[in-house]
Amino acid sequence: MINSLILLIIIISIVVFITLGFGTWWAHQLAAKLSAPTIQLVKETKNTTKNSEVDQPTLEVPQSPQEIHELGNAFNELLTAQNQRLQREKDFVSNASHELRTPIAAVRGNINLIKRHGDKHPEVIPESLDFIDEESLRMQNLIENLLHLSRADRAKVILQDENLSEITEQIGQHYEPSIPHKMILDIDPNLHISGNSDTLKQIIVALLDNANKYSDDNTPINLSLKDINNKVELSVTDLGMGIPDDQKKLIFQRFYRVDTSHSNEIKGSGLGLSIVAQLVKLNNGTIEVLDNHPRGSIFKIIFDKI
């Protein structure tokens with residue numbers, strides 16, 4: 001019996017060791033098979049992060065297992081967002097360089113003109129100086145707008161209870177004497193929102209500036225503030241050239257200007273509305289542009305009422 005028991009123990013031990021060995025090998029093979037999609041996804045992800053300054057191709061996402069498939073799709077969405085951000089930054093730098101290059105070239109050209117012909121033809125000096133002054137002012141405004149936009153992108157404003165009715169009324173009354181338009185104020189009293197006073201004033205002034213630039217002098221500009229469906233709606237309405245439907249969303253992009261012959265004659269950098277859109281976002285509002293009838297545009301901003 002003892003010999004039989006010893007033999008049985010030996011046999012069981014051998015079977016256990018064989019089973020453990022086979023089980024380990026099988027588990028290793030299974031783990032390798034299951035982790036292969038994950039390892040492949042990790043390798044592709046590492047390859048895309050080698051150069052963050054170029055557009056990254058999307059990953060090849062395996063169809064199974066489901067978790068890896070969803071993870072790969074999430075990575076691709078992230079890469080798409082990164083590519084879009086990178087492209088926006090490239091466009092921003094390119095457009096800023098172009099906008100700055102033009103006045104700099106004009107200034108340098110007039111300086112050279114004065115150097116070459118100033119002694120023999122002094123009559124060119126005043127005209128060239130006026131042109132240099134105009135272009136340098138344009139360049140200064142562009143740089144200031146770029147700084148405003150940079151600050152708006154990174155800004156974290158402190159929101160508090162603000163009486164938007166008082167702010168809007170005050171700006172409307174002070175702004176009208178400085179423009180050739182008649183200002184029509186239609187402001188409901190005592191409308192409060194959670195916002196930042198400085199940025200709210202900047203928004204209203206920028207929209208009034210835009211309406212002033214793109215509408216004829218003999219047309220009115222309407223500045224209104226209404227309580228509609230428990231929301232505060234701020235709107236600036238003009239009778240200007242209007243904005244085509246296919247460009248209504250594009251006008252809030254940096255350096256974008258409406259593609260019409262008349263708008264090309266109007267000075268500006270194309271940054272004003274992009275700054276407005278960012279400031280509206282900081283104040284937890286939404287902005288849209290609508291058609292005014294019979295012509296013109298309505299810039300409408302909606303805030304939560306408190």
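Near the amide H of LYS305, within less than 5 Å, lie the amide hydrogens of VAL232, all on another chain or at least 5 residues away, with H placed in the peptide plane. Sorted on the mean count of surrounding Cβ atoms within 10 Å across their residues, most packed first, peptides 22-29, 243-250 read 243-250, 22-29. The mean sequence distance of close C-alpha pairs (under 8 Å, at least 6 residues apart), as a share of the length of segment 189-246, puts its relative contact order at 31 percent.
Share of carbon and sulfur in the accessible area of segment 98-145 stands at 57%, probe radius 1.4 Å. Beyond 30 Å in Cα-Cα separation lie the following of the pairs LYS43/LYS249; LYS226/LYS281; LYS90/LYS305; LYS248/LYS305; LYS249/LYS305: LYS43/LYS249; LYS90/LYS305. Using the Karplus relation 6.51 cos²θ - 1.76 cosθ + 1.60 with θ = phi - 60°, the per-residue 3J(HN,Hα) values for segment 201-213 come to 5, 5, 4, 5, 4, 5, 5, 5, 4, 5, 5, 5, 5 Hz, with x marking Gly and Pro.
The values are calculated or read from the model by the stated rules, or taken from the named source; none is laboratory data. Quantities reported herein were computed from a predicted structural model and do not represent experimental measurements. No Cβ is skipped: glycine too gets one built from the backbone with ideal geometry, and neighbour counts run over all protein chains shown. With ligands, DNA and RNA removed, areas are computed over all heavy atoms of the protein, side chains included. Shrake-Rupley method; radii C 1.70, N 1.55, O 1.52, S 1.80 Å.
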